[in-house]
């Protein structure tokens, strides 16, 4: 087990009706906030009205900025920075999923910075100060509600890049599974794939002697594999949603990766797909991960054998490692398909015309991955496997 430090200061308020208290919680930090959200769905479901009422009753003034899209755009971030400066705002309340939260974090980083906030995503520069943010989570997927990172897309590239700093941990996050009842099935499925990927990026590590975190990862994966189909079958199954939402949060707090070396190659490879083709991040990960597994499993086969046996219950008796691994990957692909996701680029209507460009951009800062270090040539071969 590696040496490690684990730090996560985000306060989680979990359960039924909890988001009705967001005004009181926000009032502990500010009297005027930027209310940041995506499209019209939070107004249609009543979440917007509940949040606004709670803020008003707590004496918290607010300025609105909606319009966040999946793969959140730098242009909206820059608009948010301008609004915060003009209005004297020192706190951002994000109501939505990972894209809204990531956008809020970028705005928070950009307000006190004299340069272009994209510097934090495209160079080694780090924010030295930020506005604080809070969250009302409506889509369990990205885990950004208690993570130290943000991912933003610069339309001019297009480039999709991340920034990570302890300053990005939200002060609080309200997690009410009831807010998930109205989610469309494609968002549920893509969100589930995103959660699963966050666990697998930590699980597929070259380290041995990581028994506790192995078992924690496996428990989280099996919990998701069991409960995600239940919420797809009954969108109002509170207990199943609670399991999915809590798994999504635990998957990305950093706890599951302590003592081991995270990989993150699949995320880097997928970011180039969603930057150009604007598909949902989780949907892209369902395509990339099986291809990545097929390409890298020979580097540390024990980890992939363990995954097949413990997570997907593959019978290993009398079988070669190669056969066990292939069966585990096949079962992962079957799961993705069972929840309505595709597992090849061709099925997503993506051809090979940008593979070379995407591969070079994915490796622009060097090799990707820890279980096997991937060059741009390796990454291009993975795209071809995913085709």
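Filtered by the rule that a residue be closer than 14 Å to residue 98 by Cβ and either in a helix (DSSP H, G or I) or in the same structural domain as residue 168 (by TED's automatic domain parsing) (or both), region 242-263 gives 245, 248, 249.
I'm trying to understand the selection: among the residues of region 196-241, which are farther than 21 Å from residue 256 by Cα, assigned to a helix (DSSP H, G or I) and without any contact (Cβ under 8 Å) to a residue 60 or more places away in the chain? Correct list: 230, 231, 233, 239, 240. The condition (being within 20 Å of the chain's Cα centre (by Cα) and either modelled with pLDDT of 95 or more or over 24 Å from residue 281 (Cβ atoms) (or both)) is satisfied by just one residue among 55, 93, 34: 93. A single member of 323, 344 is in the same structural domain as residue 279 (by TED's automatic domain parsing) and in a helix (DSSP H, G or I), and it is 323. Selection over region 352-376 of residues that are out of contact with any helix residue (DSSP H, G or I) (no Cβ under 9 Å at 6 or more places or on another chain) and either closer than 16 Å to residue 386 by Cβ or assigned to a helix (DSSP H, G or I) (or both) gives a count of 1. Just checking, does region 313-335 include any residue being exposed (fewer than 14 other Cβ atoms within 10 Å of the Cβ) and in contact (Cβ under 8 Å) with a residue 40 or more places away in the chain? For region 313-335, residues exposed (fewer than 14 other Cβ atoms within 10 Å of the Cβ) and in contact (Cβ under 8 Å) with a residue 40 or more places away in the chain: absent. In the set 265, 280, only one residue is at pLDDT 95 or above and out of contact with any strand residue (DSSP E or B) (no Cβ under 6 Å at 6 or more places or on another chain); that residue is 280. From the list 87, 129, 124, the one residue that fits, being more than 27 Å from residue 282 (Cβ to Cβ), assigned by TED's automatic domain parsing to the domain that holds residue 24 and touching a helix residue (DSSP H, G or I) at 6+ places or on another chain (Cβ under 8 Å), is 129. Restricting 112, 70, 9 to residues that are surrounded by fewer than 17 Cβ atoms within 10 Å (Cβ to Cβ) and within 25 Å of the chain's Cα centre (by Cα) narrows the list to 9.
The values are calculated or read from the model by the stated rules, or taken from the named source; none is laboratory data. All figures in this text were calculated on a predicted structure; none of them were measured in a lab. Using ideal geometry, Cβ is built from the backbone for each residue, glycine included, and neighbour counts are taken over all protein chains shown.
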